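Written below as structure tokens is the structure these notes are about.
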Amino acid sequence: MPLSVTRKTSPVYGRWPETVLPMKKIRIQCRLLSGFCLLFFMLAGCMRSSPDESLKNVTDQEAKESRSIDDYPLAPREIDPSILAHRNFKEAPMLAAHVEAGELPPVSQRLPDNPHVITPVERIGSYGGTITRRLASDINDETAVRKTLSESLMEYERPVPGKPQLNLAESYEFLDQGRTAIFRLRKGLRWSDGVPFTVDDILFWYEDMTLDENALYDPLFPTRWTSGGKPVRMSKVDDYTLKISADESLGKILRTLCHDHIALPKHVFAQYHPKYNPEASYSDLKKRTTYGQLAFEPGIPRLSAWVPVKWEHGQKALYERNPYYWKVDTEGNQLPYADHLEFVILSNSEIALLKFMNGEIDLFDYSVSDNFSMLKGKENEGQIKVQLTATRPLIALFLNWDAPNPALRQAFRRQEVRIALSHALNRREISDILENGLLEPIGFSLSRASPWYSEQAAKTHSQYDPDKSRALLEEAGYKDTDADGYREFPDGSPFTIIIDVFNHPTMIDLCQFVAEYWEAVGIKSILNIGLQEILIPRRINGKFEVHVTSAPIDPLFQAERFAAMGPNLPFWHRNAGQTGPKWLHEVTSAIRKAESTLDDNILDESMIFVRDTYTRELPFIMIGAGPMVWASNNRVGNIPQPIYGETSSRGWDRGAFHEQLFFIAN
């Protein structure tokens, strides 16, 4: 049931009346302190243990040696051409054993004709060991696995995410004034089961699984695969040459190909598709190709550095190196360095932190919140390294411009009301209490990494000014006519907002603050706390009033969040195509122009227009921009410094490129 946060009730489930607003700080700090104390006593009595502890070890010989990072050679910036010419590649001992037993062909035969050469962040690593990470859930958190393992035709530069560069593709060219793009795959690429990877696998994924509405897992076609509002066209030139075309220029196609996975193994899934098997059903096909199945299920061939070999639901997922992985380092060593990648499922963040600090988890990435101070303390002991990513918008309050309540719908469509809601928020207090003072107050902003970022625009409408908020609401005609402390809609009903928030402690704490601030300016606020599987359908179906989720940071790549790019888009204004304001249709046109141009000047002009319009109109409200925490055990080598945590504007959120991580023997 939704929980009301009012000044007339006693605290319920951690919600406080406005008259005891300062108690929020004490209560949250006490909760954090109790967590810290729990961790202290658990750490004091814990010894490292793991059911797969043997997998954490490197070779027996290395285990006998005491080595430091300086004992590992610096990576050459380029590979010796003779290694490629003579195919003098090296492989992991565990794969060499399979070759010797006749179970695998030699590494020179497993790699493509032109393997992708990766220049390591710093060192040439050693083979062996298991990289262990944490997931909060294997069902709702599978995105983290896809971010770690997905491969596409292109990728961003390393380690600093810059321009798109080649990945699965070995070359590309634009024709017909940018309306056609030709991509040539690396000849000899293979799936992890040894079957050749060809254009047929890409077309199966696109034509049979993405364009086919019956097979598409998502309810809406992904707008990043459109140009001029229409899906791009893909066709086969030959087994290793893909043609992508559109009626307008493919201005964003290279960036799109840095983000998405690009194929499914047709030799596996065609038998489950009704197009190829009349006895198959779409319902069964969709069950076999959910994001969770594709991320965790053993037996599905992959192009990634590791493939799943064991999945214990709600416990862990274990991945083993892909013998046909197609990347080598600059000394000709087939990647990855680590034999295994393991994700342990830990919903409790305090236990996850404990395990990381106790050495049972190697990498730890989290938002800046309760754990930052403890991680920095552990860093001083010399066992871990803690980094903060560049700041980016974190959380947004999406107002439903088509809210079921007509009175609220009308209010949200008024610019002065939206600005009033923003000025009511004390973002600095939220930052100090919840985010260690590291959250930068913003009203609307792109990421600092964006070429179109403006600090002046980011600060607009972000100042805490409850008096201005009250004045704007008064001017808009929302007054407290019955002196009960709440404003009324024109029909006399109380101005009430229901805030949908996921059942996560930090998110709940944040929304408690938001509710209190809005109540302080006379708007009754109710928290509707629920699981993702309950609240996301409300968002998709337009049944929410305010939905709290991650903030979009790139209008070009996340166009469906910013513009009327198709039916029922954006989700916060599903009827924008019919009733959307003029400025939103202008934004839509600007984004479409940016998507289709190859002219950087037109791109810049279009995106600056989008930024400035959103800054002025404030259709949804951002809380702040902040960094993410990236912590790693010091026994892991090739952790990039600094860490870049962009998700949407820079491809998948790969703070570290896992295939080049290795363990330092000690």
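The values are calculated or read from the model by the stated rules, or taken from the named source; none is laboratory data. Source: prediction; values computed, not measured. Heads up, the Cβs are rebuilt from the backbone with ideal geometry, glycines too, and the neighbour counts pull from every protein chain shown. Surface accessibility is based on the protein's heavy atoms, side chains included, excluding ligands, DNA and RNA. Shrake-Rupley method; radii C 1.70, N 1.55, O 1.52, S 1.80 Å.
Overview of values
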read-out: Qualifying residues in segment 293-310 (those that are surrounded by fewer than 19 Cβ atoms within 10 Å (Cβ to Cβ) and under 26 Å from Glu360 (Cβ atoms)) - the one nearest to the chain's Cα centre (by Cα); value: Glu297
read-out: Candidate set: segment 131-163, residues that are modelled with pLDDT under 95 and among the aliphatic types (A, V, I, L, M); chosen: the one most open to solvent (accessible area, probe 1.4 Å); value: Ile139
read-out: Residues of segment 433-477 that turn out to be of a type in the set (A, V, I, L, M), part of a loop (DSSP other than H, G, I, E, B) and within 19 Å of Ala551 (Cα to Cα), as a count; value: 5
read-out: Positions within segment 120-164 being more than 20 Å from Pro336 (Cα to Cα) and polar (S, T, N, Q), in sequence order; value: Ser137, Asn140, Thr143
read-out: Filter result (surrounded by fewer than 14 Cβ atoms within 10 Å (Cβ to Cβ) and part of a loop (DSSP other than H, G, I, E, B)) within segment 86-99; value: Asn88
read-out: Criterion violated by Thr290 - all others in (1) in contact with a strand residue (DSSP E or B) (Cβ under 9 Å, 6 or more places away or on another chain); (2) β-branched (Val, Ile, Thr); (3) surrounded by fewer than 16 Cβ atoms within 10 Å (Cβ to Cβ) satisfied; value: (1)
read-out: Residue tally, condition of a type in the set (A, V, I, L, M, F, W, C), open to solvent by 20 Å² or more (accessible area, probe 1.4 Å) and within 20 Å of the chain's Cα centre (by Cα), over segment 505-540; value: 4
read-out: Verdict on Lys543 being within 28 Å of Ala471 (Cα to Cα), surrounded by fewer than 23 Cβ atoms within 10 Å (Cβ to Cβ) and either at pLDDT 95 or above or within 22 Å of the chain's Cα centre (by Cα) (or both); value: no
read-out: Which numbered condition Phe343 fails, given (1) in a strand (DSSP E or B); (2) surrounded by fewer than 24 Cβ atoms within 10 Å (Cβ to Cβ); (3) within 20 Å of the chain's Cα centre (by Cα); value: (2)
read-out: Matching residues, segment 468-483, being without any contact (Cβ under 8 Å) to a residue 24 or more places away in the chain and either under 19 Å from Asn405 (Cβ atoms) or open to solvent by 80 Å² or more (accessible area, probe 1.4 Å) (or both); value: Gly477, Lys479, Thr481, Asp482, Ala483
read-out: Every residue from segment 346-394 that is closer than 24 Å to Ile430 by Cα, under 19 Å from the mean Cα position of the chain (by Cα) and not polar (S, T, N, Q); value: Phe364, Asp365, Tyr366, Val368, Leu388, Ala390, Arg392, Pro393, Leu394
read-out: Residues located in segment 164-187, provided they are out of contact with any strand residue (DSSP E or B) (no Cβ under 7 Å at 6 or more places or on another chain) and either open to solvent by 20 Å² or more (accessible area, probe 1.4 Å) or without any contact (Cβ under 8 Å) to a residue 12 or more places away in the chain (or both); value: Asp176, Gln177, Lys187
read-out: Residue list for segment 319-340, filter: polar (S, T, N, Q) and either surrounded by 22 or more Cβ atoms within 10 Å (Cβ to Cβ) or not in a loop (DSSP other than H, G, I, E, B) (or both); value: Asn322, Asn333, Gln334
read-out: Some residue of segment 189-197 being among the hydrophobic types (A, V, I, L, M, F, W, C), surrounded by fewer than 20 Cβ atoms within 10 Å (Cβ to Cβ) and without any contact (Cβ under 8 Å) to a residue 24 or more places away in the chain; value: no
read-out: Pairs where the first residue, in segment 624-644, is farther than 30 Å from Ser462 by Cα and the second is surrounded by fewer than 21 Cβ atoms within 10 Å (Cβ to Cβ) and at pLDDT below 80, C-beta under 7 Å, 6+ apart; value: Arg635/Asn666
read-out: Residues satisfying the stated conditions in segment 124-150, i.e. touching a helix residue (DSSP H, G or I) at 6+ places or on another chain (Cβ under 7 Å) and basic (Lys, Arg); value: Arg134, Arg146
read-out: Members of segment 562-587 that are basic (Lys, Arg) and either buried (at least 18 other Cβ atoms within 10 Å of the Cβ) or modelled with pLDDT under 95 (or both); value: Arg574
read-out: Subset of segment 413-465 [open to solvent by less than 40 Å² (accessible area, probe 1.4 Å), touching a His at 6+ places or on another chain (Cβ under 7 Å) and either farther than 20 Å from Val521 by Cα or not small (Gly, Ala, Ser) (or both)]; value: Ile419, His423, His461
read-out: Number of positions in segment 274-318 that are farther than 30 Å from Leu111 by Cα and in a loop (DSSP other than H, G, I, E, B); value: 11
read-out: Candidate set from segment 484-504 (those that are outside any loop (DSSP other than H, G, I, E, B) and free of Cβ contacts under 8 Å to residues at least 60 places away in the same chain); member that is nearest to the chain's Cα centre (by Cα); value: Phe502
read-out: Verdict on Leu408 being surrounded by 23 or more Cβ atoms within 10 Å (Cβ to Cβ) and at pLDDT 95 or above; value: no
read-out: Residue pairs meeting the criteria (Cβ under 6 Å; at least 6 apart or on separate chains; first in contact (Cβ under 8 Å) with a residue 60 or more places away in the chain, in segment 103-115; second of a type outside the set (Asp, Glu) and in a helix (DSSP H, G or I)); value: Leu104/His98
read-out: Condition check for Ala352: aliphatic (A, V, I, L, M) and either at pLDDT below 90 or surrounded by fewer than 20 Cβ atoms within 10 Å (Cβ to Cβ) (or both); value: yes
read-out: Which listed residue, of Gly128, Gly102, is crowded, with 19+ Cβ neighbours inside 10 Å, part of a loop (DSSP other than H, G, I, E, B) and small (Gly, Ala, Ser); value: Gly128
